[in-house]
Amino acid sequence: MITRRVTPTVKIGDILMGSEHPVVVQSMTDVPTANVAATVSQIKELVDAGSELVRITVNDRAAMDAVLHIDRSLKNDGYDVPIAGDFHYNGHKLLKENIPAAKALAKYRINPGNTGKGSIKYDNFSTIINIAAELGKPVRIGINWGSLDQELFLSMMSENEKRKKPLEFKEVVYAAMVRSALENAAMAEKMGLSKDKIVLSVKMSDVIDMKNVYEILAEKCDYVLHLGLTEAGGSIQGVVASSAALSLLLQHGIGDTIRVSLTPEPGMKRDMEVRVCRSLLQSMGIRYFMPVVISCPGCGRTDSDAYIRLADDVRKYIGSRINEWKNLYSGIEKLQVAVMGCIVNGPGESKHADIGISLPGSSEAPVCPVYQDGKLMFNLSGNNIKDQFFNVLEEYIKMRFS
Ligand code: SF4
């Protein structure tokens with residue numbers, strides 16, 4: 001059982017974030033925001049995959065002008081997802097110049113490392129915070145190692161050099177990131193943005209660095225925290241590194257919203273990052289979205305790929321049926337289905353799942369025992385095991401979840 005940190009509740013659109021509220025899955029578009037049609041289409045793709053909050057880049061006047069059109073188009077099509085605007089360098093100007101668009105955004109993300117230098121930085125930061133406070137919009141103060149406030153960092157490095165026992169370089173980096181987050185949050189509060197309108201993040205690209213810096217931050221404050229491994233890379237590397245980093249923190253109750261930042265591979269759908277978030281939360285027992293198929297990797301005891309094909313077919317079948325099941329059966333997302341390759345672990349895993357089937361390994365009798373709620377129910381045999389099992393699955397779900 002994971003005990004979450006106690007934080008204020010931040011409301012973003014209809015989403016409640018923090019403390020006991022579900023860890024929120026979020027994502028970000030990667031098409032130019034000024035291209036309304038492309039942005040709307042990608043937001044829909046992300047939402048359809050399960051993203052509960054979507055961030056868009058707002059980098060110039062054209063992007064800011066597009067916000068209202070995007071908002072209108074999404075609402076017309078029944079998509080009520082909160083949209084966060086991602087501002088760097090010129091957020092103060094863009095928000096001030098287009099208040100209707102500022103109102104349409106559900107949240108602003110700003111990076112104190114690039115709101116300006118010296119007194120300009122304070123002025124720009126204050127402009128954004130004042131608009132947010134006036135419009136009642138939450139703000140994420142997002143610190144990134146790659147764009148850490150250099151004035152702050154260099155002054156902390158120089159202080160460190162004067163110590164009798166200087167800290168390691170990484171320790172200064174962690175301290176600077178946490179200080180930047182907390183000082184800017186405190187400044188925002190002084191400017192009138194209440195604590196329940198502030199979300200913090202301190203993103204780094206190394207798994208252990210990210211774990212360390214978030215742990216320090218979580219220890220020092222009760223702000224709502226957005227977790228993400230920045231620049232995680234793509235493909236297996238990005239998925240594994242992000243999952244490792246996020247799970248190390250989520251396991252200790254740290255993190256109220258997550259994003260997995262994956263470099264897309266050619267042809268890869270953007271919604272992969274959403275699917276990874278959901279799968280991670282479900283595999284840790286934090287949230288449940290879809291029935292899972294427990295299947296074995298196979299080994300020398302299998303002399304055909306029947307169990308691989310059946311596991312894949314069952315996953316696809318669940319994907320094709322889940323929307324209807326969700327309308328009919330409460331709790332269906334917690335269903336566990338086992339599809340196993342032989343007698344060694346097949347019966348055991350099948351008994352632990354809600355429903356399971358154990359296919360025969362080499363030299364076993366050509367029958368497939370089916371287990372439900374820990375009990376052997378019957379054996380399937382013949383050439384159409386897949387269809388027989390789908391029927392059994394439907395009957396079981398009707399009996400168990402009606
Ligand atoms: S269940 Fe059987 S086939 Fe699957 S990995 Fe274990 S021993 Fe191999």
Margin query: Could you go through the stretch 251-261 and let me know if any residue there is in contact with a Gly (Cβ under 9 Å, 6 or more places away or on another chain) and modelled with pLDDT under 95.
Written below: yes
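Conditions tested, residue by residue: (1) surrounded by fewer than 21 Cβ atoms within 10 Å (Cβ to Cβ); (2) assigned to a loop (DSSP other than H, G, I, E, B); (3) of a type in the set (Lys, Arg); (4) under 28 Å from the mean Cα position of the chain (by Cα).
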residue: Ser119; (1), (2), (3), (4): yes, no, no, no
residue: Ser155; (1), (2), (3), (4): yes, no, no, no
residue: Lys165; (1), (2), (3), (4): yes, yes, yes, no
residue: Tyr174; (1), (2), (3), (4): no, no, no, yes
Margin query: within 18 Å of Met204 (Cβ to Cβ) and either assigned to a helix (DSSP H, G or I) or at pLDDT below 95 (or both): is that true of Ser247 in this structure?
Written below: yes
Notebook entry, point to check: Going by the structure shown, is Val276 under 22 Å from the mean Cα position of the chain (by Cα), surrounded by 15 or more Cβ atoms within 10 Å (Cβ to Cβ) and within 15 Å of the ligand (Cβ to nearest atom)?
Noted result: no
Check: When the stretch 78-97 is examined, which residues are found to be in a loop (DSSP other than H, G, I, E, B) and either more than 20 Å from Ile12 (Cα to Cα) or in contact with a Ser or Thr (Cβ under 9 Å, 6 or more places away or on another chain) (or both)?
Finding: Tyr79, Val81, His88, Tyr89, Asn90
Notebook entry, point to check: Do we find a residue being more than 30 Å from Arg287 (Cβ to Cβ) and either among the polar types (S, T, N, Q) or surrounded by fewer than 17 Cβ atoms within 10 Å (Cβ to Cβ) (or both) anywhere in the stretch 330-340?
Noted result: no
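The values are calculated or read from the model by the stated rules, or taken from the named source; none is laboratory data. In this text the structure is predicted, and so the values were computed from the model without any measurement. For neighbour counting, all protein chains shown are included, and Cβ atoms are generated from backbone atoms with ideal geometry for every residue, glycine included.
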